[in-house]
1. If C:VAL196 satisfies all but one of (1) under 17 Å from the mean Cα position of the chain (by Cα); (2) crowded, with 20+ Cβ neighbours inside 10 Å; (3) without any contact (Cβ under 8 Å) to a residue 24 or more places away in the chain, what's the number of the condition it fails?
2. Which members of the range A:185-226 meet the condition of being within 16 Å of ligand 1 (Cβ to nearest atom), of a type in the set (Ser, Thr, Tyr) and under 14 Å from A:LEU300 (Cβ atoms)?
3. What residue, of A:VAL21, A:VAL84, A:VAL76, is away from ligand 2 (no atom under 16 Å from the Cβ) and either assigned by TED's automatic domain parsing to the domain that holds A:ARG177 or modelled with pLDDT of 90 or more (or both)?
4. Given the criterion among the basic types (Lys, Arg), within 16 Å of ligand 1 (Cβ to nearest atom) and surrounded by 24 or more Cβ atoms within 10 Å (Cβ to Cβ), identify the matching residue among A:ARG14, A:ARG49.
5. Give me the strands (runs of 3 or more DSSP E) completely within the range B:204-264, filtered to those with at least 2 residues that are surrounded by fewer than 18 Cβ atoms within 10 Å (Cβ to Cβ), ordered by residue number.
6. Of a type in the set (Val, Ile, Thr), in contact (Cβ under 8 Å) with a residue 60 or more places away in the chain and in the same structural domain as A:ILE48 (by TED's automatic domain parsing) - does that describe any residue in the range A:161-179?
7. Pick out the one residue from C:GLY253, C:GLY226 that is more than 16 Å from ligand 2 (Cβ to nearest atom), over 22 Å from C:PRO69 (Cβ atoms) and part of a helix (DSSP H, G or I).
Amino acid sequence: MPQLAIETHGLTKRFGAQLAVDGLDLAVPAGTVFGFLGPNGSGKTTTIRMLLGLASSTDGEIRMLEEAMPSAIESVLPRVGALVEGPAFYPFLSGRANLLRLDAADRRSPLGTRRARVDAALERVGLTAAARKRAHAYSLGMKQRLGLANALLAPRDLLILDEPTNGLDPQGTREVRAIIRSVADEGATVFVSSHLLSEIEQLCSHVAVMSRGRLVAQGTLQELRAQSIRRLVVLSPDPDAARRVLAGLGLAPSVRVCPDGGAELTAELPDPTMLAENATRALVEAGVRVRGIAVAGETLEERFVALTGEGFDVAG
Amino acid sequence: MNRYARWIPAVAVPALVVAGAIAVPAVASAAPTLPEKSPAQVLAMVADAKGVSYSGTLEQSSNLGLPQLPASAASPHAAASDSTAADLLQLLSRTNRIRVYVDGETKQRVQVLDDLAERDVVRNGSTVWTWDSKGRKATKVTLPSKGAATKSDSTVTPASLAAKLIAAVQPATQLSVSSTASIAGRDAYQLTMTPKTAGTLVRDVVLSVDAKTGLPLQVRVDATGQKAAAVTVGFTAIDYGKPDAKLFDFSAPSGAKVTTKDLSQAKRPEGNHGAVPQGADAARPSTVGTGWSTIAVLPAASDDRSRGLQSQKLFGQLTQKVAGGSAVQTSLVSVLFADDGRVLVGAVPVSALQAAAG
Amino acid sequence: MLLASELGTLFRRVRTIAMLGALALVPILIAVAVKVTTAGDSGRGPAFLDQITQNGLFVAFTALVVSIPLFLPMTVGVVAGDTIAGEASHGTLRYLLVAPSGRLRLLAVKYAGAAAFCLAATSVVVVSGVIVGALLFPVRDVTLLSGDTIGPGDFAIRCVLLAGYVVLSLLGLSAIGLFISTLTSVPVGAMAATIVLSAVSQILDNLPQLEAIQPYLFSHLWLGFGDLLRQPISWDSYGQNALLQLGYVTVFGGAAVWRFLTKDVLS
Ligand SMILES: Nc1ncnc2c1ncn2[C@@H]1O[C@H](COP(=O)(O)OP(=O)(O)OP(=O)(O)O)[C@@H](O)[C@H]1O
Ligand SMILES: [Mg+2]
């Protein structure tokens, strides 16, 4: 079993009567880029707050970088860079002064390298030119970059990024992706939350899907794709015969009569071991004429809509 | 949640400190055990205590059941005479801090510590300075060089108050050494004086005397009608070292209004303690009754003075209309301003004053 | 390190500088007003006012007397009320905690920052008062409340003690502000509540009906620094005030610790 960078068991957070996070069992393998996907209000930020010790959990356990949280918060968090619910800064300080202050907040961060590290982080997110500007004069995208620079102030074993590309232009989005990849290439684990599937698809090797506070799927992207429901589509001018054959195989096809006299039979393939070629042979052996036969996979997006039960842009 | 549990000491420790700070002094002031002494022996110690050197802080508090007045009554904007009356009232109704420095019989300094102000009496041999920081007023009095030590001021120290009490009330008073106490960190005998008559408002007077030096450390007067002490004057801290000689070396600061009085040739007016300089035309007071229930009757003063007094706002707030005049009833003393202008004062109920007024 | 950063952030902030500047104006205004009004209207106004013309050293004292009831508590209320709530409203609180600053350490640093502001605010009034007093009026030996006279050197020592007393007086209020600040993420609310409490405490201190509780009000000994102008200095009110303020710091500091250590940071 691979080492886990983040591991939760039955993690639960209750706000009054509302369960914001409900029995979460996360397993984030070390060294991966892990996507944390869910519609608005599904509990992503709340989970991240609990991981970072900002909010206490109502129930459940958290282990991060092999240590129990939040009891080991002092030794774990210096190894973790984070962006939580958007960047936040002192508007009256320059971008650089903001980073100097946040770096000073960590007792273990070495004073000697502070300036160099701050400048390197600013350089990495492309803010060197705007470093001396006051943060209140920053655009949304500049703030987002500064927030990312803060997460990268020191070499980290784990990055926890809550919607890191929020407010960035396409160019900025690509740069952030490049930064995340470079961090991952250095061996760090990256945990990225997003409500955008496309982003996760481009960036992540693993993914977990949240819906209304519950984890509805977790695994590699491939596993998730494999899990998606496949359908057998048969085009035949003999719909009744075809239906009998397919029913004999245990399928429940729906029939749509085409205007040309033929019919399209669609059946879900519940069993991944059930191969389309078996169906083909059975149809041929029964003398059913077949115009076309295909296995249609769900798109990942359709899969997620099916999992979360709603569009990604619908508040939960 | 248990990550927070380790911070419990951060809350618990200060809480314990506070609890300790409250509890420890309470334990420390438990009554000491001292060899038994009779009232006479204790009084002898007091008489013996002349010439001690010490410095200390006293606290004087009264609980006379006077009506409470808003602090604004004492504001500098009030009429001058009204504010003097309010000053006096303040002296009676709130806690006053007093510092005393005594170096034997001839060098004394008394400081009444007011808020951002101070009144001083400094005696150095035959020179006595008084100083009032509010008006920046200083008075220099030269005492008769050979005269006996004159108590130059009405300021109350335990020593002066105790001596006066003992002389005045012994015939009518039951004396007992009831218990011991710790006052200002000193072991002390408590001499209780209980009036033999029931006609007075005074329940008892308790004098606490330093068991080692014989210095009176505290005087407490209890009234019949209430549990809390009516008047308490006592040391909160005392140090038997010789005070710094510079303290008695007073001279008027520059810019002060200085009055000079030379009494070195003058005869001391008899029967007058010199505390309150009285108008030349003031008639002598007479007394009715004896002992604790003595009533002083002050004859009608020159009219404008008493009318001036009665027209003041404070007067109305303090007095009640009774048959035959207006009266002030405190838990310890009653005053009757009779309609004919006489003023009757005594440690008795108002009814007794009315009876004496006739 | 965090403390240095906190102080740097606090004292480089325009708001802080503006408040200190306003406090520096108090003695200047007093001194100029006394200088231009030729008719000495003695007996009215705050303590020591009538002595300024004779001795410029009293400008600092008068300015403190004037500042204690309102200006100092107001500025301290702003800083103390802003400590945690201000960070929460900027959202920087979560980044400080994730850094990680440690909750207790952050709270301690925040309180130290507020205390440093108390010191700065008081010092500004005293220093500005001494300077403007020396410029506009003669400097002479100082007459104490006790009537004794001391030289300017001794007076300087007493000024330092006085500043210490006023700082001490404000520590309890700072702890109250810190506690209120942990209750909310709206800094203006915490500031206003702290300032209002300081006013309420002073009002209660003037109601004779409440005499029993007055010794426990945190503002009860605010004007007790007169004891430093006596000869010899009376340390009674210094000690009592220290105990009183320690009590407030313990109780409200403890409450702030308890609250902040268990608080969910959701801003
Ligand atoms: N402070 C709070 N008090 C009460 N409920 C809250 C609080 N914060 C969040 N919630 C609730 O918890 C649920 C999860 O919120 P959360 O912020 O974790 O969602 P999210 O997945 O991060 O959404 P988004 O994609 O919009 O950022 C929501 O229903 C929200 O209303
Ligand atoms: Mg969110």
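The values are calculated or read from the model by the stated rules, or taken from the named source; none is laboratory data. This one's a predicted model, so the numbers in the text were calculated from it and none came from an experiment. Note: ideal-geometry Cβ built from the backbone for every residue, glycine included; neighbour counts use all protein chains shown.
1. Tallying (1) under 17 Å from the mean Cα position of the chain (by Cα); (2) crowded, with 20+ Cβ neighbours inside 10 Å; (3) without any contact (Cβ under 8 Å) to a residue 24 or more places away in the chain, C:VAL196 fails exactly one: (2).
2. Correct list: A:SER194, A:SER198.
3. Working: A:VAL21 fails: away from ligand 2 (no atom under 16 Å from the Cβ); A:VAL84 fails: away from ligand 2 (no atom under 16 Å from the Cβ).
None of the other options fit; the residue is A:VAL76.
4. Details: A:ARG14 fails: surrounded by 24 or more Cβ atoms within 10 Å (Cβ to Cβ).
Only one candidate qualifies: A:ARG49.
5. Details: elements: B:216-223, B:231-239, B:257-262.
Per the criteria, B:231-239, B:257-262.
6. Applying the first criterion (of a type in the set (Val, Ile, Thr)) to the range A:161-179 yields A:165, A:173, A:176, A:179.
Checking the rest, the ones that are also in contact (Cβ under 8 Å) with a residue 60 or more places away in the chain come to none.
No: zero hits.
7. Details: C:GLY226 fails: over 22 Å from C:PRO69 (Cβ atoms).
Step by step, each of C:GLY253, C:GLY226 is checked, and only C:GLY253 is more than 16 Å from ligand 2 (Cβ to nearest atom), over 22 Å from C:PRO69 (Cβ atoms) and part of a helix (DSSP H, G or I).
Listed here are the residues, each with its yes/no results for (1) at the interface with another protein chain (Cβ under 7 Å from one of its Cβ atoms); (2) crowded, with 18+ Cβ neighbours inside 10 Å; (3) within 24 Å of the chain's Cα centre (by Cα).
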| site | (1), (2), (3) |
| --- | --- |
| A:ALA72 | no, no, no |
| A:ALA82 | yes, yes, yes |
| A:GLU85 | no, yes, yes |
| A:PHE92 | yes, no, no |
| A:ALA97 | no, yes, no |
| A:ALA104 | yes, yes, no |
| A:ARG108 | no, no, no |
| A:LEU111 | yes, no, no |
